[in-house]
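Student: Structure below; questions to follow.
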Amino acid sequence: MTNVSSARAAANDRYLIGVDVGTGSARAGLFDLSGQLLSTGKRDITLFHEAGSIVEQSSTEIWSAVCEAVREAVSAAGVDPAKVASIGFDATCSLVVLGEDGRSLPVGPSEDPERDIIVWMDHRAVDQAERINAKGHAVLRYVGGRISPEMETPKLLWLLENRPHVFDAAWQFFDLADFLTWRATGDLARSTCTVTCKWTYLAHEKRWDPDYFREIGLGKLADENFARIGQRIVDPGTPVGTGLTPRAAKELGLRPGTAVGAGMIDAHAGGIGTVGVDGPPESNLAYVFGTSSCTMTSTMEPVFVPGVWGPYYSAMVPGMWLNEGGQSAAGAAIEQLLSFHPAAGEAREMAERRGVSLPALLAELAATQARTFSESVRLAGGLHVVPEFLGNRAPFADPHARAVVAGLGMERDLDNLVSLYVAGLCGIGYGLRQIIDTQASSGAVIDKIVISGGAGQFDLVRQLLADATGKPVLATGSEEPVLLGAAILGSVAAAEFPDVRSAMARLSRTDRTFAPAGGETAMLHAQRYEAFRKLQSVAREIR
Ligand SMILES: Nc1ncnc2c1ncn2[C@@H]1O[C@H](COP(=O)(O)OP(=O)(O)O)[C@@H](O)[C@H]1O
Ligand SMILES: O=C(CO)[C@H](O)[C@H](O)COP(=O)(O)O
């Protein structure tokens, strides 16, 4: 084992960059070899919304945002780019469509070629997903029994049926993380993580299933031997190409040849940035609470949980199986919930004056109004929220589910908005509890939750989630575990660590534990959880 002084010396020598492309922004973090975050850079990215659940982005804009964020992080730390050993990428699981020579193709009715990405949250392919599910092909066993319209094969089918000229003109279809490693290195390798979780690649058998593609109407892709969706599938962290191309290096402000690791989906990077702490990975559920929420559970043997994505082999922790749940809208659901309230405008102005976001302001107000974080649940009073504004991802795999808010009165004031915010967070917590309970009844039992993501950075949120689920919530030492996860991928490609497991063990540690409240508070949450399930079930019945 390296001692502290030699680790420090090494830490001064070489640096790791992690890039996280979330739904709303591209961020870069510069780490030393002890996992210490030295600087960050961030650029917002545009989301184009259209009728029909269409949400698109631009890969050109995203690549520029990545380059600017990396330059910002490197210059803020004052580090010589020659000392950057590696770069790793994670991104949302959005579909990028490129034509010959890598030129962007328009994925939607706007016909704007810059809009070449169907974003993960785009639900245009609900009908295609339903038709695929009706066929019941055996590969669906490995995506929780039902394909989601957020995955890539329904989206590809939508393109083939609605924009056949674009489908035919496409040279490559990429998951966003694989686009980024291709753009950085020129290598078309796909990551096991992306293709297994979103494209039905069977990593445990190291193969695509051509029958599935033929049965659902995407036989063309099988006939081409999968040349447009990935013929070389490598584990996350595998060195890609010969590192950065001269062009990409110039754009990023780094050296050509800097090692690049095969990437991951953002939630999975959050997973490897967190689940290595405190006990074996199978005891820890990684909870990534950002625009969406993702629950990542690792097991030694495959566990089939209807309505929870997976089991996926080696898609997150190498050699382990993964069950992935969560909700399509989590942070986004809280934003939507708050936007309906009469006091939202006034509160937003107040938040702007203080230079914080609206939910961050409300978290602060809730914390000051309650004696302890745990007691803030009482602020919710008779308000109950099932925050399924964009369907139920797990454990019902139901994209048609919608939100329920119960207990509204005539109040219009800021305090009532704080109450609604707390009730919304409790609803997020009960949805998480429901996934944990469902997984446990199928055999995937966890002891603790390790949290990451933008919304997971608040102590009030962490405590409420611990109380709502009855499980301890751990915060890691790194304030940016998702960026750390991405940096780990690069570090392995640069051979700074022998493999992802050892990098996880070396670079992540627990900072604080939020123990679940007992006594009356636990009872109150048990009652509220019951109310949540009743409301959710009535809403389903009504539909
Ligand atoms: N205190 C908070 N309470 C609830 N939601 C929050 C809070 N702070 C941030 N969020 C939400 O978290 C999301 C941003 O998280 P982040 O991980 O940065 O996003 P992404 O990676 O999805 O782009 C936004 O939806 C934001 O409104
Ligand atoms: O589907 C997912 C992971 O499988 C993610 O939810 C999606 O990629 C968006 O992530 P984020 O909320 O962090 O922007």
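The values are calculated or read from the model by the stated rules, or taken from the named source; none is laboratory data. Keep in mind the model is a prediction, meaning the values are calculated, not measured. Every residue, glycine as well, gets a Cβ built from its backbone with ideal geometry; the counts of neighbours run over all protein chains shown. We work out accessible area using only protein heavy atoms, side chains counted, and drop any ligands, DNA or RNA first. Shrake-Rupley method; radii C 1.70, N 1.55, O 1.52, S 1.80 Å.
Student: Name the residues in segment 82-111 that are touching a Phe, Trp or Tyr at 6+ places or on another chain (Cβ under 9 Å) and assigned to a helix (DSSP H, G or I), would you?
Tutor: Within segment 82-111, 83, 100, 101, 102 meet the criteria.
Student: Of the numbered conditions (1) over 24 Å from the mean Cα position of the chain (by Cα); (2) part of a loop (DSSP other than H, G, I, E, B); (3) buried (at least 17 other Cβ atoms within 10 Å of the Cβ), residue 230 satisfies every one except a single condition; which is it?
Tutor: (1)
Student: Follow-up. Looking for whichever is more than 20 Å from residue 541 (Cβ to Cβ), in contact (Cβ under 8 Å) with a residue 60 or more places away in the chain and touching a strand residue (DSSP E or B) at 6+ places or on another chain (Cβ under 8 Å) here; the options are 376, 452, 442. Which one fits?
Tutor: 452
Student: Report the residue count in segment 14-69 for those that are in a strand (DSSP E or B), open to solvent by 10 Å² or more (accessible area, probe 1.4 Å) and among the acidic types (Asp, Glu).
Tutor: 4
Student: Could you please find all residues in segment 103-120 being surrounded by fewer than 24 Cβ atoms within 10 Å (Cβ to Cβ) and in contact with a helix residue (DSSP H, G or I) (Cβ under 8 Å, 6 or more places away or on another chain)?
Tutor: 104, 105, 106, 114
Student: So, in segment 450-477, exactly how many residues are away from ligand 2 (no atom under 16 Å from the Cβ), among the polar types (S, T, N, Q) and open to solvent by 20 Å² or more (accessible area, probe 1.4 Å)?
Tutor: 1
Student: Let me ask something else. In segment 341-449, which helices (runs of 4 or more DSSP H) lie fully inside it and hold 3 or more residues that are open to solvent by less than 10 Å² (accessible area, probe 1.4 Å) and within 16 Å of ligand 2 (Cβ to nearest atom)?
Tutor: Passing ranges, in order: 414-442.
Student: Then there's this: Where residues in segment 279-333 are polar (S, T, N, Q) and part of a loop (DSSP other than H, G, I, E, B), which of them is surrounded by the fewest Cβ atoms within 10 Å (Cβ to Cβ)?
Tutor: 314
Student: Right, next: Looking only at residues in segment 466-502 that are in a helix (DSSP H, G or I) and without any contact (Cβ under 8 Å) to a residue 60 or more places away in the chain, which one is farthest from ligand 1 (Cβ to nearest atom)?
Tutor: Across segment 466-502, the extreme among qualifying residues is 502.
Student: May I ask you to verify whether residue 114 is in a loop (DSSP other than H, G, I, E, B) and either of a type in the set (Asp, Glu) or over 25 Å from residue 290 (Cα atoms) (or both)?
Tutor: Spelling it out, residue 114 is indeed in a loop (DSSP other than H, G, I, E, B) and either of a type in the set (Asp, Glu) or over 25 Å from residue 290 (Cα atoms) (or both).
Student: Pairs please, first residue from segment 519-532 and in the same structural domain as residue 382 (by TED's automatic domain parsing) and assigned to a helix (DSSP H, G or I), second anywhere and of a type in the set (Lys, Arg) and open to solvent by 20 Å² or more (accessible area, probe 1.4 Å), Cβ atoms under 8 Å, 6+ apart in sequence or on different chains.
Tutor: Short answer, once both residue conditions are applied: 524/378; 529/433.
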